[in-house]
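Written out below as structure tokens is the structure these notes cover.
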Amino acid sequence: MQLYEAICAIGQDSHRFASQAEMQGSPDQPLRLAGIDIVGARPLSGNSDADVILHALTNAISGLSGVNILGPRSDKLCLEQGITDSAVYLQEALDTLGEWELRHVSISVECKNPRLVNWIEPMKARLADLCGLVPGDIGLTATSGEGLTAFGRGEGIQVFCQVTARRRIAQSD
């Protein structure tokens, strides 16, 4: 029988919605969540694609490996190399896991708009693809937060993410 040890970590990220002035240069820019374009929804503000779900996931994976990706490393990719796709930042984080194998991702999104109920399954499928998992290994929920926070009042989106990973334990005979 193979033995494993497991660890978990959390990540968080939040972005405000882009202002009209910020959208002047690209009025057709979609909201991107979990690598999926939510057409017709107001985009988030950020240097990259501002994919708050992928950023929270990247931060959670950084919690597993201890290697921060969002910050100077992503700034170099984004601001110096023009790479704005947050899936690239996620892959950077996944590449730091070494022997650790990602096993489960749980994500909680708080926002008033857009309503995400019809996007949950496509987002889970995309996250599973990006992480080398199956959709059943991805938990994704959304709440309005009853308007108690800036996110619940429609000012932006906040995401919390927990990830679990495992690695084999060397057995001695």
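The values are calculated or read from the model by the stated rules, or taken from the named source; none is laboratory data. Not measured: the values here are computed from a predicted model. Positions of Cβ are generated from backbone atoms using ideal geometry, with glycine treated the same way; all protein chains shown enter the neighbour counts.
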Could you please give the count of residues in region 150-173 that are over 16 Å from LEU116 (Cβ atoms), of a type in the set (Val, Ile, Thr) and touching an Asp or Glu at 6+ places or on another chain (Cβ under 7 Å)?
1
Give the residue that is farthest from the chain's Cα centre (by Cα), with candidates limited to residues of region 124-173 that are within 19 Å of GLU99 (Cβ to Cβ) and in a helix (DSSP H, G or I).
ASP137
Filter region 94-136 down to residues that are under 22 Å from CYS8 (Cβ atoms) and in contact with a Lys or Arg (Cβ under 7 Å, 6 or more places away or on another chain) and give me whichever is surrounded by the fewest Cβ atoms within 10 Å (Cβ to Cβ).
GLU99
Within the group GLN24, GLN2, which residue is over 24 Å from MET123 (Cβ atoms), of a type outside the set (Val, Ile, Thr), exposed (fewer than 15 other Cβ atoms within 10 Å of the Cβ) and in contact (Cβ under 8 Å) with a residue 24 or more places away in the chain?
GLN2
Count of region 97-118 residues which are under 17 Å from LEU133 (Cβ atoms) and of a type in the set (Val, Ile, Thr):
2
Report yes if some residue within region 44-61 is more than 26 Å from GLU155 (Cα to Cα) and either at pLDDT 95 or above or crowded, with 22+ Cβ neighbours inside 10 Å (or both); otherwise report no.
yes
Which of the residues belonging to region 132-149 are under 22 Å from VAL88 (Cα atoms) and either in contact with an Asp or Glu (Cβ under 6 Å, 6 or more places away or on another chain) or without any contact (Cβ under 8 Å) to a residue 60 or more places away in the chain (or both)?
GLY132, LEU133, VAL134, PRO135, ASP137, ILE138, GLY139
